[in-house]
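The next block holds one structure in the form of structure tokens; read it before the comments.
The values are calculated or read from the model by the stated rules, or taken from the named source; none is laboratory data. Just so it is clear, the structure is predicted and the values come from calculations on it, not from any experiment. FYI the Cβ positions are ideal-geometry reconstructions off the backbone, even for glycines, and counts take in every protein chain you see. With ligands, DNA and RNA removed, areas are computed over all heavy atoms of the protein, side chains included. Shrake-Rupley method; radii C 1.70, N 1.55, O 1.52, S 1.80 Å.
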Amino acid sequence: MKTQRKVFVGLSFLVVLSMVLAACAQPQEVVKTVVVTQEVVVAGTPQVQQVVVTATPEPTEAPPPTPVPQPADTVVLALQQEPDTLHPLIGAMMARTIVMSPVLIGCMGQNEVAEWINLGCEGDVPTIDNGGAVFVGEGADRHLEVTHKIRDDWRWTDGTPVTTADVIYAWKLVMDPNMEVAARDTTEKIYDIVAVDEKTFKVVFMSEAQAKAAAEGTLTGNVDFAAFQADYSEAGYGEQTGPVVDPVYWLVGVTWLPQHVIGDVPAGEQASIDWTTVPGDGPYVIKEWKQGQELILEKSDQPFPLGDAKIKTIIFRFFAQTADVLAALQTGEIDAVTGAGGLTVANAPDLDKIEAAGMYKVLYEPGYQWEHIDLNTTKFPFDDVKVRQAMYHSIDKQALVDKLYFGKQKITDLPVPPGLSWAYSDNYVKYPYDPEKAKVLLAEAGWDCSTSPCTKEIDGVKKNLEFTLMTTDRADRQALAQVIQQQLKANGFGVNLQFLYGRGLFATASAGGPLSARTFDAAIYTWITGDDPGFLGLYNCSAIPSEANGFSGQNYPGFCDKRADELLALNETDPEVSLSREKRKPILEEFFKIWTENVPVIPLFSNTRVYVVRTGFANFKPGPTQYAADGWNAWEWELVK
């Protein structure tokens, strides 16, 4: 009995002690097992017996607090193309437009839903309805005048005010025959730009009489109209009826450039300007361009009239391959992938995983971009329309989309997207995938396809049906070209592939660009048509780049048709037609019939725009057109991470 009492008392003490200590412990207890020994006498022989009890809970460290996202002052954006130039008038790369969008804002642009808005100009966008645009004069002298007012506080980032002198300078530079611009067809509609005062300017369009004089080479004024007589003649200005207009007349002639900085540089030497030293009118300035790596923008020390930028530094980082962009997302190195970041719906499986991790949002947006193949219609073998038609019938577009893009791209046959553009029509010449029809067309053109590639004797020389298909070195474009190569090979076409860095394909003619110089056979790339389609400068005869016109124009296929030119002139210059979508629709429909019958271009599919944005990145609002490039509202960007 003594032994039992002794054990009971000892255990009671331990339990009470543990309860007292437990009451003082932290809320979270950790149970620890210890061995307590007691002495028990058995038949006069000491024996050790072990009893297990609950020990005093020991306090533990509290878990570290969850990090609270903090505002960041730097944003890193990915591009898979590097601009060939930063000069806003030279070249046609979308990468240039994107990286310069926080630097050069201009008078107006479009927002994320393609609404026209004034930015550096005051008030509403001028229209005929609101009185900002008016017709002046009578008869053959009647013409359109559009008035714009630059904001009083609009400035260049060196502190110099933006004035009407900068607008007039930019207009005259574009109209200098020594200036190698991508296109000047729209600017050629202007007769004069008049400075009402230092902040107000009036864009004066040509009258009927002036248009006819321009086509004759007799028009005089503040620019050398005679230097572009061929352009005016081929564009139908000699048959102009009524004043010259434009469907988006409010946009014509509103470009400005810093005359006080680059005004002394001759037009022929503009390409050599170091644009990293030239001020813009936006919220940011160019700090450094590390060729092949990144372009760095810094917030300007001059107040920006539309609002104080919240991000101090914007870094546009250049990646060579799509795989590199995906890797940067996986490591969290970048904050967003731009529209020139090289991502397409072909990357959907990888992007799904990245989005599931929670750091980024993936956006799939419809747009006016369309992937296509340009065919050089003045060069063998595509100087024969039957060969172009046979090639079209040999391409299975749906198979391309299903195999490479998980069925998420929408195939198209026109330069406007179905279901998005008001100008789309189903009335045109169609080329469904039909290998047998392709063989018939090739036989009609004199090709012997008993062997591959097909052969034909031309001027006593046996030639192969063979050409080089160029595109950029982007991964999905390489895959696209390879599948097209196999499809065409099955129908007797010999296709050699050449992959160029983006800036190589789109370089100016003087820099050896195969598109501008028209040395290519066929090329795959993307155009952005815009929400109000216009094709002057793109598919009219005078827009074929050549040495004679200073390689101005973007009609790289060399498509030239008199009736098509007449239709495009009606669509974009006729005052009774071009200001009415109802009247323009049948005009464009007839143009599409001619265009598809001649096959200067093989449209493939409308591109779904793919953006990836960090979850804490606010107000990143890229629009569907080139007038709302990714950084159009960069002063509103905010980032927490």
When each of K410/K593; K172/K585; K361/K403; K172/K379 is checked by Cα-Cα distance, pairs over 30 Å | K172/K585; K172/K379
Give, in nm to one decimal, the length gained when the segment between E466 and N496 is fully stretched (0.36 nm per residue of separation minus the Cα-Cα distance).
-> 10.0 nm
Mean Cβ-within-10 Å packing, highest first, puts peptides 205-216, 352-363, 175-186 in the order 205-216, 175-186, 352-363
Among A95, L363, H148, pick out the residue whose Cα is farthest towards the positive end of the charge dipole of the chain, where Lys and Arg carry +1 and Asp and Glu carry -1 on C-beta, about the Cα centre.
-> L363
Based on the mean of other beta carbon atoms within 10 Å per residue, what is the order of 339-350, 274-285, most packed first?
-> 339-350, 274-285
Linear extension gain, A227 paired with L420, 0.36 nm per residue minus alpha-carbon span = 65.6 nm
Report the antiparallel proportion of the DSSP beta bridges in the chain as a percent, rounded to a multiple of 5.
-> 80
In debye, nearest 20, what is the charge dipole magnitude of the range 471-531 about its Cα centre with +1 on Lys and Arg Cβ and -1 on Asp and Glu Cβ, if you could check?
-> 120
Cross-link partners among aspartates and glutamates for K408, C-alpha distance below 17 Å, same-chain residues fewer than 8 apart left out?
-> D350, D352, E365, E371, D396, D476
Starting from the Cα of K437, draw a straight line to each of the lysines and keep only those under 19 Å, dropping any in the same chain fewer than 8 residues away.
-> K386, K397, K456, K489
With a sphere of radius 13 Å drawn around the Cβ of G123, what net charge do the other residues whose Cβ falls strictly inside it have (Lys, Arg +1; Asp, Glu -1)?
-> 0
Karplus-derived 3J(HN,Hα) from phi for the range 547-560 (6.51 cos²θ - 1.76 cosθ + 1.60, θ = phi - 60°), whole Hz, x at Gly and Pro, runs 5, 5, 9, x, 6, 8, x, 10, 7, 5, x, x, 5, 8
Using a basic spin-label model with each label point 7 Å from the Cα along Cα→Cβ, how many nm lie between E239 and V640?
-> 6.3
Which net charge results for the neighbourhood of G616, defined as the other residues with beta-carbon distances under 14 angstrom from its beta-carbon, given Lys and Arg at +1 and Asp and Glu at -1?
-> +1
Karplus-derived 3J(HN,Hα) from phi for the range 303-314 (6.51 cos²θ - 1.76 cosθ + 1.60, θ = phi - 60°), whole Hz, x at Gly and Pro, runs x, 9, x, 8, x, 6, 5, 8, 9, 7, 10, 10
Would you give the gap between the C-alpha center of the range 306-385 and the C-alpha center of the range 171-229, rounded to a whole Å?
-> 37
Under unit Cβ charges (Lys, Arg +1; Asp, Glu -1), what dipole magnitude, rounded to 20 debye, does the chain have relative to its Cα centre?
-> 2960
Suppose every K and R has +1 on its Cβ and every D and E has -1 on its Cβ; what is the size of the dipole of the range 90-204 about the Cα centre, in Debye to the nearest 20?
-> 220
Work out from phi, with θ = phi - 60° and the Karplus expression 6.51 cos²θ - 1.76 cosθ + 1.60, the ³J(HN,Hα) of each residue of the range 144-151, listed in order in whole Hz, and give x for Gly and Pro.
-> 9, 10, 10, 9, 10, 10, 6, 4
How far, in nm, would the chain grow between Q302 and A327 when pulled straight, counting 0.36 nm per residue and subtracting the alpha carbon separation?
-> 5.3 nm
Nearby aspartates and glutamates by direct alpha-carbon distance to K212 (threshold 14 angstrom, same-chain neighbours under 8 apart not counted) = D141, E188, D231, E234, E239, D574
For K641, which sequence-distant residues (separation of 5 or more, or a different chain) have an amide H within less than 5 Å of its own amide H, given hydrogens modelled in the peptide plane?
-> Q70, A72
Most packed first (mean Cβ within 10 Å per residue), the peptides 230-242, 68-80 order as 230-242, 68-80
Listed residue (N130, T187, V440) projecting farthest to the positive dipole end of the chain, Cβ model = V440
In this model, which of K202/K310; K149/K189; K463/K562 are farther than 27 Å apart at the alpha-carbon?
-> K202/K310; K463/K562
Per-residue accessible area, 1.4 Å probe, largest first, puts V174, V640 in the order V640, V174
